[in-house]
1. Those residues that are modelled with pLDDT of 85 or more and of a type in the set (F, W, Y), I need them from segment A:538-588; list them, please.
2. Test each condition in (1) without any contact (Cβ under 8 Å) to a residue 24 or more places away in the chain; (2) polar (S, T, N, Q); (3) within 23 Å of A:T502 (Cα to Cα) for A:T864 and report the one that comes out false.
3. Please verify whether B:S102 is within 11 Å of chain A (Cβ to nearest Cβ), open to solvent by less than 80 Å² (accessible area, probe 1.4 Å) and assigned to a helix (DSSP H, G or I), treating the condition exactly as stated.
4. At pLDDT below 80, surrounded by fewer than 21 Cβ atoms within 10 Å (Cβ to Cβ) and of a type in the set (D, E, K, R), is that true of A:R387?
5. Only residues that are within 22 Å of A:R329 (Cβ to Cβ) and part of a loop (DSSP other than H, G, I, E, B): list them for segment A:602-626, please.
6. Just one of A:D143, A:D234, A:D150, A:D181 is under 30 Å from A:L743 (Cβ atoms) and modelled with pLDDT of 75 or more; which is it?
7. Taking segment B:65-82 as the region of interest, how many residues are open to solvent by 30 Å² or more (accessible area, probe 1.4 Å), more than 8 Å from every other protein chain (Cβ to nearest Cβ) and not polar (S, T, N, Q)?
8. What tally of residues in segment A:390-403 results from selecting those that are surrounded by fewer than 19 Cβ atoms within 10 Å (Cβ to Cβ) and touching a residue at least 24 places away in the same chain (Cβ under 8 Å)?
Amino acid sequence: MLRKFMNSLRRKRLDEEIQEEIEFHRSQSSGSFGNLTAIREQMRDASTSAAFESLLQDIRYGLRILARTPGVSAIAILSLALGIGANAAIFSLVDRVMLSFLPVTQPEQLVLFDEVQPYPRFKEFRNRSQVFSGVAGTASLADVAFNGSDNPENSLTGRLVSGNYFNVLGVQAMMGRALSDAEDTGPGAHPEVVISYALWRGRFHADPAIVGKTIRLGAGRLNSGWGSSGFEQDQPVVPSNRNFLILGVMPPGFIGETVGERPDFWAPLTMEEHFLPGRHWLSRRTARWVQIIARLKPCCSVGQAEAANNILNRQLLVEEEGAGLSEARRRELEQDKIKLLDGSKGFSGLRNEFAKPLWILMAMVCVVLLIACANLANLLLARGTARRREIGTRMALGVDRPRLVRQLITESFLLSLFGAVLSVPIGWLASRALFTMVSAGDPALALNLAPDGRVLLFTGAVAILTTLLFGVAPALRSTRVDIHSVLKESERSTTGNRSRVTGEKAVVVIQVALSTTLLFGMALFTRTLYNLRTQDLGYSPERLTTARIDPIGAGYKGEQIGEIAQRVLEKLRTQPGIVAASYSDNGLFVGRDSGTHIRVNGFQPSSPKDSLARFDQVGPGYFSTVGIPLLLGRDFADTDTAHAPRVTVINESMARFYFGKRSPLGQTIFYDSRLKFTLTVIGVAKDVRDHLVRDQPPRRFYVSYMQPVDGQMGTDYEIRSSLAPAVLDRQIRQAVHSASPRLRIEYIRPLDKSIDNSLLRERLIARLSILFGFLSLLLGCAGLFGIMAYSVGRRTREIGIRIAIGGQPHNVVWTVVSEALLLVVGGLLIGIPVALLLSRYLQSLLFGLTPADGWSIFAVIVTTGLMTLVASIIPARRATRIDPVSALRCE
Amino acid sequence: MPRDALQGTLDLLVLQTLARGTQHGYGITCHILAASGQQLRVEEGSLYPALRRMESAGLIKAEWKQSENNRRARYYQLTKKGAGRLAQEMQKWEQHTAAVKSFLEFA
């Protein structure tokens, strides 16, 4: 109201000024002034404020036009909002995972070592490296007990970092101070932490006096990367909670260097013993667990730094081996090279795994937006045709074409603007849904997907782009009218002028083609997920639950680990409802898989890879509990104790690979390239998939938990039971607690869930492609419906005549449906070859089908056919109800 | 003078007039008429829209002031940008007339 008032005031003042100027001129001269009104008009147009005025006028007029057909406008805005919102959501994911730089000083100087290193070696790198201005070490902690609570819901994630970590990254604390070299002095000497902004807000209610207070932290587990812990457990350890002094709070943007993690706190690496009790990794040269991040000196390129770093690495390795290094071993060490990865966007295993899927999803969601744009373009084209008379009249009255085009584009822009505004909440909701989807995995991904400036900027850019896409062509075409013919023709009499609809029809054909490619992608990804999910594992994953305990963390060492594992197992087996139970070192589908070099008599490896085999250390009854059939020989028995000869069960692949047609039973396998143990084969088990669904089962051998060849990292129980999850959960906790109250349960999880977690990527693509597929179907349906309804409307007279001379309803229906079918077939003919061409790039993401999957093509055709029927049946029915009398009379 | 022929040179005439000092619309027509020896008569219908246009383009700026006979008049003044444009237009005009002249002499 006020704006309107201001506008009219501004215009009035301009008019008055012009009037006064003319008055002055006339008072001075005697001559005539010519056409006063025309001059006034021209003067007004030439004034600056008038240009603004006309823009406002366009906007007002545009709003009126949109409001005149509220239903159509609402659908247009909504479909745009869906398209833009979905784009924004996927973009926010792409942005966080792929594009965002770390919020640190000069991120482009940061590099990451491609492999985790032992702590002693990290120290050497830090002290001796010449090419870096700083070398920092870090390790990720999960499930750290907080405030003395063992409840996993209440646990924290954290990072152990070297004292120079924040210095190397170039990040300051928001309050207090960050960790520094002063906290790097000795093992266990500095129970001090820096906490994250989120933790400070969430758990400490943004306490302004937080610095100097304490936080109570217990033990945790290493999140990713795993070391071989070795055997010796020198001293008894008891996990405890301990007060940590809070030195500072980090700024809100800082989440560390690993994409997909949000640590709650950062503690000195030297506090390892507290968080990972009993491992003694600070002094162990064989335990690889420290991720190294380094800052290049400004003068060094990554290539130079890598070369220099590898020289140092070799030097360190040779020094560690000490005297008596064999020539063969020396050559082996030469092979140990460290690659430096670009650290500017942080470290992310995510990025490798999700790069391709994310770009594909981004492309798919762009196609959805294109389809939405096509709908809008059609809407505007149709509206332009309906407004031919209005436009013709305005042009006849002397409005020039650029002005009209500008006005029509303003209308389109208004649609985009509303769409973009509405897309922000839609995008936000979609991001939230995406977040719940990606954070269900293991390890959980913590990404902040809330829309920020970048996403809003992206949304704005997309909105402008869409305006250009759907607005310009219709605006140009609508204003290209022949004034005379337009003014002469009466609106209804346009009987058979079909050429005028070709633009609209072409758009529909393109739309169908676009949605065909999306539907094809959806079919491929859905079938891939189905194939993976129904892949025969070799055993039934149903009713199988896994649970992991941490005996080392509870202070058990050496042989005690086996004993406590056995005691828990006995307690589990006595619980009612538990059909069978056993345990193993690596568990099933939890992302940990041991491997080693082996040697077999009579087998000549042609490459080092040939001597690699996976292995697991399993408890009694493992094969029968999981349901792995033994094909030859026997299972481990109670007699295979620590003091009995070492025995092993190997899988089919291993038997075939090393022994061929020979019977493997009784043969000897040498564990480790240094021939640490000899194992006698006592059985052959069926190949099963126990860590990856996608890959062929690798060569694998099993040893008894009583005869460990490697330190036990934790103990995973496999439990077969048909109890309800909540009940089973309680029983497992009870059993573990009764075996030892000190034992911490790291997790209890149905195997199905673990398998789903391992398929996070595939599930994400499949779900989103289904969503996009249906969205495109819906939009395509709306587009086709619109054009058919419009076409029937235009052909009212023709259809009326046909009915009048005795045309049957089914003939009329067929006329309409066949018209729609023709468009759809055209779309399919373009879309399917394009889809087949594109699907070749999806090969690596598919499973159990080829990119030219016949069933998927079939599904696309059927779905699109159904869409055609749905979209054309209502206009067709309406056509049959045309009253011939009124249709003819309306002339 | 026919309006069409004047169109291209109107800006030049106005800018050159204002280069001598501020002036109101009527004063501009008078000056052009007088300085051209009564040859160039600028029509009001062309002048005023042109003034508005040049004002929008930032070549001149306007201000309401008292005129010689104590009436309020809109005075126009050349801006820096306008001065630059004037130099350009003059050069263009000279090139143009020189070209036409040499053509006429040759033919």
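The values are calculated or read from the model by the stated rules, or taken from the named source; none is laboratory data. None of the values given here were measured: they were computed from a predicted structure. Cβ atoms come from the backbone with ideal geometry, glycine included; neighbour counts cover every protein chain shown. Accessible surface areas use protein heavy atoms only, side chains included; no ligands, DNA or RNA. Shrake-Rupley method; radii C 1.70, N 1.55, O 1.52, S 1.80 Å.
1. A:Y539, A:Y583
2. (1)
3. Answer is no for this residue.
4. Considered against the rule, which asks whether it is at pLDDT below 80, surrounded by fewer than 21 Cβ atoms within 10 Å (Cβ to Cβ) and of a type in the set (D, E, K, R), A:R387 comes out as yes.
5. A:F603, A:Q604, A:P605, A:S606, A:S607 - these are the residues of segment A:602-626 that are within 22 Å of A:R329 (Cβ to Cβ) and part of a loop (DSSP other than H, G, I, E, B).
6. A:D143
7. Of the residues in segment B:65-82, 5 are open to solvent by 30 Å² or more (accessible area, probe 1.4 Å), more than 8 Å from every other protein chain (Cβ to nearest Cβ) and not polar (S, T, N, Q).
8. Of the residues in segment A:390-403, 4 are surrounded by fewer than 19 Cβ atoms within 10 Å (Cβ to Cβ) and touching a residue at least 24 places away in the same chain (Cβ under 8 Å).
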